[in-house]
Every structure is written in C-alpha cells, then in structure tokens.
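Worksheet: one structure, shown below.
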Amino acid sequence: MSALERLILQTLDKDGEIGDSKDFASTSGYDHKEVVGSIKSLQSYEMIISKAREIPHSRNVLTEEAQGYRDHGSPEAKLFAALPPEGILMKDLTANFGDKAFAPARKYGWVGMQKVEDGQQVVVRETEAIEDTTQNLLKQISEGQAVNRKDLEALGKRKLVKAETWKTYALKKGVKFALEKKKPATELTHEMLQKGSWKDADFKPYNFNALGQPTNGGHLHPLLKVRTQIRKAFTSMGFEEMPTNNYVESSFWNFDALFQPQQHPARDAHDTFFLTNPAATPLSKQPQDYVQRVRETHENGGFGSIGYGSHWKESEAEKNLLRTHTTAVSSRMLYKLAQEGFKPAKYFSIDRVFRNEAIDRTHLAEFHQIEGVVCDKGLTLGDLIGTLHLFFSRLGLPKLRFKPAFNPYTEPSMEIFSYSEQLGKWVEVGNSGMFRPEMLRPMGLPEDVNVIAWGLGLERPTMILYGIDNIRDLFGHKVSLSVVKKNPICRLNL
Ligand code: PHE
C-alpha cells in the first residue's frame, strides 16, 4: 500500500469523509491525478472505501490561437492600427491582414466600406481610437476572471475559448472500511474450511461479466487434415469409402481370406498383436461354404494354383488380432460384393492398423494405412499403373517408378517409388498388386474379374507435408501438443 493510499485512509478515519479530492490534493501536496489513481485503486477493493461521488468541474481555457491574441493583440486591432488614412482595397485586405480581422472590426464599428469611383470597395477607419476588447477579454479569462455569457459565446464561435471539464471526488468510508488493504479471497480453500477462517474471509464477488477463457479444444490433428485431403482425392476419382470401424479382426479375414499361408512369419506374435480376450472368433461365425473354399484353396490349390499343400488349421484362422492392414477390410468388402452379385467397384479406406514393431523415430506400433481397390472385368497391370499415376499425381507425386515385389495375396506385385524433389532421390511410397485368383475365386467373383489394389502409409506423407522428422512428435503418447494445436491447414492441389 502506498503512502498516499494510507494517507487517504487515515484522513477518512479521522475526518469521516473527504469533501473534495482536489482540496485533499492541495493540502497534502499531492498531484490531483495521483490522488485519483489511488482512489480508483482503493475503490477496486470495494470493501475499503465507499464508491467515490464525482464532482464535475469546468473552466474556460484559451485555444492556442487565442493565446497569441492575448499576448500580441487581436487581428481586428492589428487591422485598425495598420489601416492607412485613405483605406485599403477590399480585394487586398485578406492578403495583408488575413481573413479573421475584418468581420470583428466591422462589428465593433471600427471600420467601414466605401465605394470609390471605379466601383471598387475600400475599407476605411470609422473611428479615431479603439480599445482591443478581444485581447482584454482573453486576458480576463486566462486569469480566471468571470466574463459575461454573450462575450464568452462570441469567443467560443471564433474558436478562441473552449470549456475544459474535469472531475474531483467526494469520499466516504465504506461499510467494510479498514486501515489496511486486505486482498479479498478468490477461492474457498481446504485450509479455510479446516481452520474455520472462511468465516472472517472477505470473498471477491463473482464477475459475471468477465469473458471466459478461450477454449483450448477443437484442434484437428495433422493426420486428420491429410486424411481429409486424400479422401477428397479418392472421392473425386469416384471411389467409395469402406467401413473400417473394426480394429479387432479375425485371422480368417486378415490373413486366410487373403491366401496368406498359415506358416507365414507375419502370423507370428512377434509381428502381430493377438488378442487374449476374446482370443478367437469361431469359424462357425463365418460363412461356411466360403470357409470350405478357403480351406480347399490353401490345402490343395485350384484356379491354376497348387496351394500350400499342408493342413489348414481352423484354430489358426480363428485367432483374433488387431488388424495388421486395412486389406482385411478389402477382403470383407470383396466377399460381400461377390455375394451381392458382381458389379464394378472402386473402394478406398484410410484408417488405423497395428503391428508389433520395435518403435523408433520412423516406426510406431500403430499407424494409418491408405488403401485403394478397383474391381472390374479384364483389368490389367496397365490399369494398375495408370490408376497409380492418377492417384499419386493428385497427392503431388507425379514421378513414379515400380519395382517387382512379393505379397502373398497379389501377383504381380509392385513396390511404388516416387522421385522426391526435396530429397533428390527415389523414395518408396507404397505397395501394390493384382489380387490373386486364389483369393478372389473362393469369394465367388467371376473368373474374368480382376482386382487391382495398392496401399501406403498416411504418416510419411503427413510428416513430409508438415516438416516433422520424428514420428513420435506426430502420434502416440509423446505427441507434441503444439504440433496438434498450431498446425496449418493442409491443401493438396487435387
Ligand atoms: N496390405 C499391404 C501392406 O500392408 C499393402 C497392399 C495393399 C499391397 C493392396 C497390395 C495391395 O503393405
């Protein structure tokens, strides 16, 4: 608490009131502005000082122009003094005396106008001597003397005098007056309750007019933004989104339906998260005739294939897992399409998959896959290459190369590489292929129907687009909240 605040409180305590803050300021030797500052501060503590009553004041002050007239004479007086006996041509008056001299000089009857022979107007003196009324009035006003209202109004019209207003305050003790400032409590604490000190505490009143804190929610994660853009790329190419709302999948759809052998290393607990509860989906829940065809194809082949030549274990196909790829969803969709009676279809999905992987700056145990599937009669590898060119150029990756690869469910299979201008080299951007007949024919799709498909991760393009180099900053429990809150919109030139 400042010395001034203390003095205000003490004066109030002693005298019961302060009649006018202006008088208080002059007797205590403080500047009135400082006193007002302290009053406001004490007022904000409500309980200490009653609301100050305002006393309005006003005073007439000279404008800058008028201060010059007060010191050196008014323009009309200067005109009168300088006017030669024969007068001056009206048209030369402004150039010599400005435009503020003539009207008042004429009003006072100091000067008049005469016509000369050639019809021009001449301004001449009308009286012998004058007194500079304006200057006198201005002097009186600046000395604080009263002048009559008419004169004041006339000076106001000439913009020589203006009213200045200010306020002083009358102060009284408040109901909760004290000599010391007590900070009001803003919270009811556990300690106050325990000690009972809440009974004597002054609580700060609620301010129902205060604006709320800006909410911190509603941020879209960069992965969602890129997903939205890629979803647009697909839908603008006529693709339909597949339902991916099942993270838990049965091995049957994730692997067996895709003709992935039961001995395949991916079906190991080192690579796949298997569920312990519920650990299995009984094969009796799957379409029976289809299960039989899948078993037959795995064990003995068909459709030009010799199969894997080993016993197909139901227990292996029944194991529940966290889906390792969204191709599990594609296999369900293609089976469904075959049951409904084949018609050409274009499907896509963008959703989460899970792999039991060692986590490092470029790998996570869960990530997002983008998958495209086209199902039609007579599709060729050329259709796959053309579709990939179309799709990737929409993502801003027009330069592509393909490398033969292997997937258990596609033949031929191709890894997709794109030339990165940023890195100056070819980088792998996805995997693709034509689904094998061993997968499609047991589903019931006609012989002449082919399916081309491709898959890629969502994280890598997102990291490139947002300049993030550690995947753990983007996703997972170590995610950088500032990345989530401050990321800009994503716009691909689709
Ligand atoms: N499922 C494959 C993967 O997880 C990607 C892929 C999809 C490959 C479709 C070919 C066809 O990598």
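The values are calculated or read from the model by the stated rules, or taken from the named source; none is laboratory data. Just so it is clear, the structure is predicted and the values come from calculations on it, not from any experiment. Neighbour counts are summed over all protein chains in view; Cβ atoms, including those assigned to glycine, are modelled from backbone coordinates with ideal geometry. Ligands, DNA and RNA are stripped out before the accessible areas are found, and what is left, the full protein with its side chains, is counted by its heavy atoms. Shrake-Rupley method; radii C 1.70, N 1.55, O 1.52, S 1.80 Å.
Brief remarks follow.
- Taking residues in the range 324-344 that are closer than 18 Å to Gln288 by Cα, and partners anywhere that are in a loop (DSSP other than H, G, I, E, B) and among the small types (Gly, Ala, Ser), the pairs with Cβ atoms closer than 6 Å and at least 6 places apart or on different chains are Ala338/Gly444.
- Candidate set from the range 408-419 (those that are among the polar types (S, T, N, Q) and touching a residue at least 24 places away in the same chain (Cβ under 8 Å)); member that is nearest to the ligand (Cβ to nearest atom): Thr410
- Flag not set for Thr215, criterion: open to solvent by 30 Å² or more (accessible area, probe 1.4 Å) and assigned to a helix (DSSP H, G or I).
- Residues that are without any contact (Cβ under 8 Å) to a residue 40 or more places away in the chain and part of a strand (DSSP E or B) within the range 431-463 comprise just one, Asn431.
- Any hit, the range 172-193, residues being among the basic types (Lys, Arg) and in a strand (DSSP E or B): yes
- With respect to the conditions (1) of a type outside the set (S, T, N, Q); (2) at pLDDT 90 or above; (3) open to solvent by 60 Å² or more (accessible area, probe 1.4 Å), Ala146 falls short on a single one, namely (2).
- Qualifying position, being over 18 Å from Lys167 (Cβ atoms) and either in the same structural domain as Lys182 (by TED's automatic domain parsing) or open to solvent by 40 Å² or more (accessible area, probe 1.4 Å) (or both), among Glu34, Glu64, Glu17: Glu64
- From the options Asp448, Asp473, Asp469, residue that is at pLDDT 95 or above and in the same structural domain as Phe367 (by TED's automatic domain parsing): Asp448
- Listed here are the helices (runs of 4 or more DSSP H) enclosed by the range 69-157 that have at least 3 residues being under 30 Å from His57 (Cα atoms) and within 60 Å of the chain's Cα centre (by Cα): 133-142, 149-157.
- Looking at Asp360, Asp383, Asp351, just one residue is open to solvent by 50 Å² or more (accessible area, probe 1.4 Å) and within 15 Å of the ligand (Cβ to nearest atom), and that residue is Asp383.
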